[in-house]
1. Kindly check whether there is at least one residue in region 176-183 that is within 26 Å of Val117 (Cβ to Cβ), in contact (Cβ under 8 Å) with a residue 24 or more places away in the chain and touching a Phe, Trp or Tyr at 6+ places or on another chain (Cβ under 6 Å).
2. So Gly217 ticks every box in (1) under 20 Å from the mean Cα position of the chain (by Cα); (2) in contact (Cβ under 8 Å) with a residue 12 or more places away in the chain but one. Which box is left unticked?
3. Pairs under 8 Å by beta carbon, first residue under 12 Å from Val214 (Cα atoms) and of a type in the set (D, E, K, R) in region 8-30, partner surrounded by fewer than 17 Cβ atoms within 10 Å (Cβ to Cβ) and at pLDDT below 90, six or more apart or different chains?
4. For region 79-88, name all the residues that are more than 12 Å from the chain's Cα centre (by Cα) and either assigned to a helix (DSSP H, G or I) or under 17 Å from Ile18 (Cα atoms) (or both).
5. Going through region 131-175 one residue at a time, which ones are within 21 Å of Ser105 (Cβ to Cβ) and assigned to a loop (DSSP other than H, G, I, E, B)?
6. Answer with yes or no whether Leu146 is touching a Pro at 6+ places or on another chain (Cβ under 7 Å) and of a type outside the set (D, E, K, R).
7. Could you check, for region 55-74, whether at least one of its residues is out of contact with any Ser or Thr (no Cβ under 6 Å at 6 or more places or on another chain), crowded, with 16+ Cβ neighbours inside 10 Å, within 22 Å of Asp113 (Cα to Cα) and touching a residue at least 40 places away in the same chain (Cβ under 8 Å)?
8. Is it the case that some residue within region 84-99 is at positive phi and in contact with a strand residue (DSSP E or B) (Cβ under 7 Å, 6 or more places away or on another chain)?
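The values are calculated or read from the model by the stated rules, or taken from the named source; none is laboratory data. Note that the structure is a prediction, hence the values are computed from the model and not measured. Here the Cβ positions follow ideal geometry from the backbone for every residue, glycine too, while neighbour counts run over all protein chains shown.
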Amino acid sequence: MAAAAPRAAPARLKITEIFFSIQGEACFSGWPTVFVRLTGCPLRCVYCDTAYAFGGGEWRTFAEIHDAVAGYGARYVCVTGGEPLAQPACAALLTSLCDAGYDVSLETSGAYDIGVVDTRVSRVVDLKTPGSGEDRRNRLENLALLTPRDAVKIVIRDRADYEWAREIFGERLAGVPCPVFFSPSHTELSPGTLADWLLEDRLPVRLQVQLHKVLWGDVPGR
């Protein structure tokens, strides 16, 4: 009798934290959400508020991640980072969460191909401004893959960033089928100032203020 083939090891991801909070950004803002924060990111944006996720973390199987998520009894799950797509198994995790019946979103820097992501996922794609220090990482090919379920987010530090974002909106984003959010960099640009600029230019984008920071400030895991 032929020997049985060895079983494949269960898929694993390196996880910084899994926590329950209020979604503070994009289309699901305000919903109680379970966040699955993956470890690691190749970008170093100057305003990054999750640098603690660059390293460390612990390996967890999909089954362990699902058990942790299910324990909160929530409908919404957000996979974030770091940069979640830097871990190749992330796409399979997203599909498994969709298959389990969750409404799933992904927060990504936009530096990786979002075409590998299940189209049931709401993909929140950053465009990095020059002020972030990482605008060279923008993968503009992703814009052609956007659907009405997705969103584009641009974090703005100052007037120069705003003028860059206004220009790229006119050149690249005016026809995308999903919402475009302009978000002031927390502590660096007043939301009221950004709102004034948007109104002055009559720019058809949505102002986004990070709700979780309004509620709790810069508290990790919130």
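1. Taking every residue of region 176-183 in turn, none turns out to be within 26 Å of Val117 (Cβ to Cβ), in contact (Cβ under 8 Å) with a residue 24 or more places away in the chain and touching a Phe, Trp or Tyr at 6+ places or on another chain (Cβ under 6 Å).
2. Exception for Gly217: condition (2).
3. Short answer, once both residue conditions are applied: Glu25/Leu211.
4. Ala86, Gln87
5. Asn138, Arg139, Leu146, Thr147, Pro148, Arg149, Asp150
6. So Leu146 fits the description; yes.
7. no
8. So far as region 84-99 goes, no, none of its residues is at positive phi and in contact with a strand residue (DSSP E or B) (Cβ under 7 Å, 6 or more places away or on another chain).
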